[in-house]
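> Below: one structure in structure tokens.
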Amino acid sequence: MQFDIKKIVRPNIEKLKPYSSAKDEYSGEASVLLDANENSLGSPLTKWYNRYPDPYQKEVKAKLAVIKNIPASQIFLGNGSDEIIDLLFRAFCEPGKDNIIICPPTYPMYEVNANINNIEIKSAPLLPDFQLNVAHIEQLVDPNTKIIWICSPNNPTGNSLDRIDIETILNHFNGIVVVDEAYINFSKQKSFVQSLIDYPNLVVLQTLSKAWGLAGLRVGMCFASEAIVGYLNKVKAPYNISLVAQELVLKALEEVGQVNDMIQHIVDMRIALAEVIASMPHVEKVYPSDTNFLLVKIPNASKLYQYLCTKGIIVRDRSSLPNCADSIRITVGNEQENTLLVDAMAEWIDANF
Ligand SMILES: Cc1ncc(COP(=O)(O)O)c(C=O)c1O
């Protein structure tokens, strides 16, 4: 593998002179801040929200660096991982020229962002057991292939992808391999974060939206080489993580123990819910899950989905995706929500078979 980030980055981004905020240009302790056209009188909420936040979220990254055991310089934060997915396209993929590879069924935002950015999408569908088709992926690679998107554990199938397969791709591909680990905390698999030292072409995405329970704050994490983080910093909006989000994340990161207990509780509920659903008549399959959701195969899944909607219970109908005919994806809820779901499913099965 001969990976050279200078050959991957878009030439205009390499040359880009990024926006430089006042906070970039001055790092001392200032007492009179008349640089950013803020409102010095304060706000009806609190006095301090009148100021722009730290553009590089240094305090948050310092804490994350300890938790994840990685230098802060190798961390990039986005307005959800969704923002980071878009920034990866904008930094590394030339519209109308480059292409990416996805492995459906998978998280739809890789495809959506490719389309927004006018990047060709090549597809190497997962095999029937929902593992990577490495030979197909390697066949699809051409000199304009910039990013291979891998989601593990995968959404919506719930399984972790074979580590050796991912390593094979990392070893053979000269572009960027993104491993999206949004659900890694629910799995027993080892994260790829500690493999960054071996693979300069690896980008690992994680998020505070799932295991950490902070979807509303919109904070996604990217772990990558300093060079890749540098390009993402160049293309991001200056203040992409709000001050409120930075403050609350700092507090949340103090509670690793509580979060680990919550993860265990969700995993226990997932196991129990999978057992109950698998034992229902006519349920064809509850796929093994390393996440906080279950993919369930049942005849007429779309009708079940509609019935659940009438009961105010919203799941995802994934039936139109490759190898997912008649499948719904159910997020593990709290005990009460899980009971309501099971009761409604039982009612529908009774009435329809
Ligand atoms: C695989 C995967 N990646 C990323 C995301 C988006 O995460 P965020 O909330 O950090 O934007 C999701 C959300 O469902 C997801 O399933």
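Taken together, the values in this text are just the output of simple stated rules run on the coordinates, not laboratory data. It should be emphasised that the depicted structure is a prediction, and the values quoted were computed from it without experimental measurement. All Cβ positions, glycine included, derive from the backbone under ideal geometry; neighbour counts span all protein chains shown.
> Using alpha-carbon positions, what is the distance between the centroids of the range 180-210 and the range 147-173, in Å?
11 Å
> Same structure again: If you add up the charges near residue 136, with Lys and Arg at +1 and Asp and Glu at -1, over every other residue whose beta carbon is less than 15 angstrom from its beta carbon, what do you get?
Residues near residue 136 contribute -4 overall.
> Using unit Cβ charges (K, R positive; D, E negative) and no other charged atoms, how large, in debye to the nearest 20, is the dipole of the range 257-352 about its Cα centre?
Roughly 380 debye for the range 257-352.
> Could you put 223, 293 in order, starting from the residue whose Cβ has the fewest other Cβ atoms within 10 Å?
293, 223
> Let me know the charge dipole size of the chain about its Cα centre in debye, to the nearest 20, where only the beta-carbon of Lys, Arg (+1) and Asp, Glu (-1) is charged.
620 debye
> Treating each Cα of the chain as an identical point scatterer and ignoring solvent, apply the Debye formula and state log10 I(q)/I(0) at q = 0.08, 0.12, 0.13 Å⁻¹.
So the normalised log intensities are -0.45, -0.94, -1.07.
> Next question. Taking H as built 1.01 Å from N, whose amide H comes closer than 5 Å to the amide H of residue 180, not counting residues under 5 places away?
150, 151, 152, 205
> When only DSSP loop residues count, what trypsin sites (Lys or Arg not before Pro) in the range 149-235 have their Cβ near at most 16 other Cβ atoms within 10 Å?
Values: sites: 163, 188, 190, 210, 218, 234; in loops: 188, 190, 210, 218.
Answer in residue order: 188, 190.
> Sticking with this structure for a sec: Picking from 262, 232, 280, whose Cα lies most toward the positive end of the charge dipole for the range 228-301 (charges on Cβ: Lys, Arg +1; Asp, Glu -1)?
Result: 232.
> Put +1 on the Cβ of each Lys and Arg and -1 on the Cβ of each Asp and Glu in the range 1-133; which of 50, 96, 31 then has its Cα farthest toward the positive end of the dipole?
The listed residue farthest towards the positive side: 31.
> Take the chain, connect every pair of alpha-carbon atoms lying under 10 Å apart with a spring to form a Gaussian network, then pick out the residue of 37, 240, 260 with the largest mean-square fluctuation.
Greatest mean-square fluctuation among the candidates belongs to 37.
> Moving to a separate point now. Where Lys and Arg each count +1 and Asp and Glu each count -1, what net charge lies around residue 200 among other residues with Cβ under 15 Å from its Cβ? Spell out each step's value before the answer.
Values: positive: 6, 7, 146; negative: 4, 167, 198, 226.
Spelling it out: positives minus negatives among the neighbours equals -1.
> Also, I was wondering about something else. Quick one, can you get me the convex hull of the C-alpha atoms of the range 39-161 expressed as volume per residue in Å³?
Per-residue hull volume (Cα only) is 169 Å³.
> Can you work out the Karplus-derived ³J(HN,Hα) for every residue in the range 53-64? Use 6.51 cos²θ - 1.76 cosθ + 1.60 with θ = phi - 60°, whole Hz, and x for glycine or proline.
Using θ = phi - 60°, the values come out as x, 4, x, 10, 6, 4, 5, 4, 5, 4, 5, 4 Hz.
> How big is the range 123-219 in terms of Cα radius of gyration and Dmax, in angstroms?
Cα radius of gyration and Dmax of the range 123-219 are 13.7, 40 Å respectively.
> Next question, about the same structure. I need the phi-derived Karplus couplings for the range 80-88: 6.51 cos²θ - 1.76 cosθ + 1.60, θ = phi - 60°, integer Hz, Gly and Pro marked x.
Residue by residue, the range 80-88 yields x, 5, 4, 5, 5, 4, 5, 5, 4 Hz.
> Which ordering of 259, 32, 178 is given by a fewest-first count of other beta-carbon atoms within 10 Å? Show your work: numbers first, answer last.
On the way: 259 17, 32 6, 178 23.
Result, fewest neighbours first: 32, 259, 178.
> When only DSSP loop residues count, what trypsin sites (Lys or Arg not before Pro) in the range 244-353 have their Cβ near at most 15 other Cβ atoms within 10 Å?
Here the trypsin sites (Lys or Arg not before Pro) that fit, given the DSSP loop and packing criteria, are 311.
> Taking other Cβ within 10 Å of each residue's Cβ, how do 226, 94 sort, fewest first?
Lowest count first: 226, 94.
> Hey, how many Å between the Cα centroid of the range 53-97 and the Cα centroid of the range 234-268?
The range 53-97 and the range 234-268 have Cα centres spaced 14 Å from each other.
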